[in-house]
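The values are calculated or read from the model by the stated rules, or taken from the named source; none is laboratory data. Nothing here was measured: the structure is a model prediction, and the numbers come from that model. Cβ placement follows ideal geometry from the backbone for every residue including glycine, while neighbour counts extend to all protein chains displayed. Keep in mind that these areas ignore ligands, DNA and RNA; they rest on the heavy atoms of the full protein, side chains included. Shrake-Rupley method; radii C 1.70, N 1.55, O 1.52, S 1.80 Å.
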Amino acid sequence: MMDLKQRLSFRRTSSIDKPLSPQENQAKTDEVKKMIGPVASKFPVMCSDASIQRYLRARKYNTKKAAKMLKNSLKWRLEYKPEMIKWDDIAQEGTLGRLYKADYFDSQGRTVLVMRPAVVSASTAAGQIKYLVYCLENAIMNLSSKQQEQMVWLIDFQGWNKSCISLKITRETAQILQDHYPERLGLAVMYNPPKVFESFWTMVKPFLEPKTFKKVIFAYPDNAKSMRMMEELFDMDKLESYFGGRNRAGWNPESFSKKMKEDEKNMCNNVVEGGVSAQVINDSVQIDEESNVSDGESSGCDSVTFFEEDNNNNNNNNNNVQKDESAAKPSG
């Protein structure tokens, strides 16, 4: 694990994308729209200026690569139909409290997704990923404003051990997040991970682009700097007690289920009535072959997630935790 000095040094030496002027940004956005072609009108949300600009940032403003990435996301949405997933489809997984949207925002107004990977899953690998996609779609819909595009992941490691992990599913999940939800992560807080997590983190790091990696911070309940950071990020009266907050009631499955069903009424379908085929997308998007993104290129999204491959019984024996002396303070 990086200590505070190492992590701050990493942030200082990491390359920072030079922001474009509004005129340059709009010109590149318009160029991507031109590459996508008329099919963009069938996806008003995915092909909005804000969405295209996220894909551009993920591809370091390379318009050909951004257009290809967006095209692949459009095809994926047609096939996977994330906006059509209903609560009843994933309720078995959703009522466990393994992953849920918190009923509070962070101090910057970002939606908070809570993950408790030690909770035993009730679903297959495909079911877990389907529920993840459902939660991502809901979290994006519930961002506090149109100006706020990102979310916070808050991960509780209480009871966690290596049996809670499938590297295969983590890789598959990372691919979905990186390819189809670029630039959606604002911050990921790893709360009180045990010493044994270090070996898994070493295996996960290659999946993450440096820009994403530096959004991951570690927090420990017995570390004063960590707790000051948590107080700056969250309303401690609303934050659950297992994150050091004063909310002892915690997550309520009945209230959560009711809220998710209410939100379904507001879910919009990104494809206009009549739809569009994947072949139409292939035919419409004009991108040179040399712009193909290599298999090894990451999108800069946003993947910090831990799933079980099977419904194995979870061993909740507490590990001896070696705490970092410091926690990184988020840059926002």
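Annotations for the structure displayed:
The rows are residues; the columns are (1) open to solvent by 10 Å² or more (accessible area, probe 1.4 Å); (2) part of a loop (DSSP other than H, G, I, E, B); (3) within 29 Å of Gln147 (Cβ to Cβ).
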position: Lys64; (1), (2), (3): yes, no, yes
position: Leu96; (1), (2), (3): yes, yes, no
position: Gly109; (1), (2), (3): yes, yes, yes
position: Val112; (1), (2), (3): no, no, yes
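- Condition check for Ile85: within 30 Å of Glu262 (Cβ to Cβ), buried (at least 17 other Cβ atoms within 10 Å of the Cβ) and modelled with pLDDT under 95: yes
- Ile52 being at pLDDT below 95, part of a helix (DSSP H, G or I) and either closer than 22 Å to Ile217 by Cβ or open to solvent by less than 50 Å² (accessible area, probe 1.4 Å) (or both): no
- Looking only at region 148-174, and only at residues there that are hydrophobic (A, V, I, L, M, F, W, C) and modelled with pLDDT of 90 or more, the one that is farthest from the chain's Cα centre (by Cα): Phe157
- Filtered residues of region 114-156 (kept if assigned to a loop (DSSP other than H, G, I, E, B), over 15 Å from Thr170 (Cα atoms) and of a type in the set (Val, Ile, Thr)): Val119, Val120
- Screening region 191-206 for residues that are in a helix (DSSP H, G or I) and of a type in the set (Ser, Thr, Tyr) and picking the one that is nearest to Trp160 (Cα to Cα) gives Ser199.
- Scanning region 214-256 for residues that are outside any loop (DSSP other than H, G, I, E, B), of a type in the set (Ser, Thr, Tyr) and either farther than 16 Å from Lys101 by Cβ or within 21 Å of the chain's Cα centre (by Cα) (or both) gives Ser226, Ser241, Tyr242.
- Selection over region 169-225 of residues that are open to solvent by less than 40 Å² (accessible area, probe 1.4 Å), over 26 Å from Ala66 (Cβ atoms) and among the polar types (S, T, N, Q) gives a count of 1.
- Every pair of residues 6+ apart whose Cβ atoms lie under 8 Å, when the first sits in region 205-228 and is among the aliphatic types (A, V, I, L, M) while the second is surrounded by fewer than 16 Cβ atoms within 10 Å (Cβ to Cβ): Met227/Pro221
- Close pairs from region 173-186: first of a type in the set (Ser, Thr, Tyr), partner modelled with pLDDT of 90 or more and open to solvent by 10 Å² or more (accessible area, probe 1.4 Å), Cβ under 7 Å, at least 6 apart: none
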